[in-house]
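Please treat every number below as a calculation from the coordinates, not as lab data. Source: prediction; values computed, not measured. Glycine gets a Cβ as well: all are built from the backbone with ideal geometry, and neighbour counts include every protein chain shown.
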């Protein structure tokens, strides 16, 4: 199928993009790579009178490290993040998640901001942003503001972005020494969206877990933090940690959805196992094996 007719705009500055979106109103949609939007339009699951393509806004592209965080421009390609040595060193969880996104052709065109703003609950990057307490920089008609990842995801495909807003960058904090990370997921085929997935980080010092972050994806209408499991891990000794029990704790207050690919009961069982596996791998990395 082909998409319904639309007007195409390709601004070269952020101010022009925001002005266009403000003038076009609800009939416009941001195009930030298009690896999800274009198929939706082609199948006519949705339609817009205008698309505002951000690919020519160079200010939205790039990776910068400063003040203990790594800022990734919203239009930075997922493949760029996957290969960047600074990301691998300072935000390992992001580097581990990137290769799981679709196939390399998708990652060459798909963008970090596009994936996070699309807010597919089965996608990896929203869960990484949530797990790491990332901050999202947004510019709109009323100026710039920052929204924490915990407040950004509202529901399936719904975020804190207003119609004329542009997500400009995602800032990931560095965790520092003694940290370990893991991403685990189950999908029907490599490159498919996950049926269940977990992004996990731990920081260890002297045989004790200082902090833990566990975010699950494909387990609800948004990525979900496993707060009870995180609290149970923090302050615990690494020796003898019962990962399977923590996996069960992580799923106690989660009601995974059922669909044609998997039942909620299946997601619950697999999700608990993935939390346990991710915790073990993260702890192994944090403690050097």
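Among 151-162, 50-61, what's the highest-first ranking by average C-beta atoms within 10 angstrom per residue? Numbers along the way, then the final one.
Numbers: 151-162: 16.0, 50-61: 19.1.
Top of the packing list down: 50-61, 151-162.
The angle separating the long axis of helix 264-286 from the principal Cα axis of greatest extent in the chain is about 70 degrees. The simple Förster model, with R0 at 22 Å and r as the Cβ-Cβ distance, assigns residue 284 and residue 89 a FRET efficiency of 0.75. Using C-alpha pairs under 8 Å with a sequence gap of at least 6, the mean separation divided by the residue count of the chain gives a relative contact order of 16 percent.
Helices in the chain, meaning DSSP H runs of at least 4 residues, each add -39500 (n - 2.57). Divided by all residues, the mean residue ellipticity at 222 nm is -9000 deg cm²/dmol. The stretch between residue 162 and residue 1 holds 55.0 nm of extra length on full extension. This uses 0.36 nm per residue minus the Cα-Cα distance. The angle between the Cα long axis of helix 14-24 and the main principal axis of the chain comes to about 70°, on a 0 to 90 degree scale. Per residue, the Cα convex hull of region 188-289 amounts to 92 Å³.
Treating r as the C-beta distance of residue 269 and residue 105 and R0 as 25 Å, the FRET efficiency rounds to 0.15. Label sites at residue 8 and residue 239, each approximated as a point 7 angstrom past Cα along Cα to Cβ, lie 6.4 nm apart. By the gyration tensor of its Cα atoms, with a ≥ b ≥ c the square roots of the eigenvalues, what is the shape of region 102-219: rounded for a/c under 1.5, prolate for a/b over b/c, or oblate? Verdict is oblate for region 102-219.
What is region 7-53 by shape, rounded, prolate or oblate, if you read a ≥ b ≥ c off the alpha carbon gyration tensor as root eigenvalues and call it rounded for a/c under 1.5, prolate for a/b larger than b/c, and oblate otherwise? Verdict is oblate for region 7-53.
Using the Cα gyration tensor of region 96-141, with a ≥ b ≥ c the square roots of its eigenvalues, what is the shape: rounded (a/c below 1.5), prolate (a/b larger than b/c) or oblate (neither)? Don't jump to the answer; show the numbers that get you there.
Details: a/c = 2.19, a/b = 1.38, b/c = 1.59.
Oblate shape, in that a/c is at least 1.5 and b/c is the bigger or equal ratio.
Shown is the FRET efficiency for residue 228 and residue 174, computed with R0 = 35 Å from the Cβ-Cβ distance and rounded to the nearest 0.05: 0.85.
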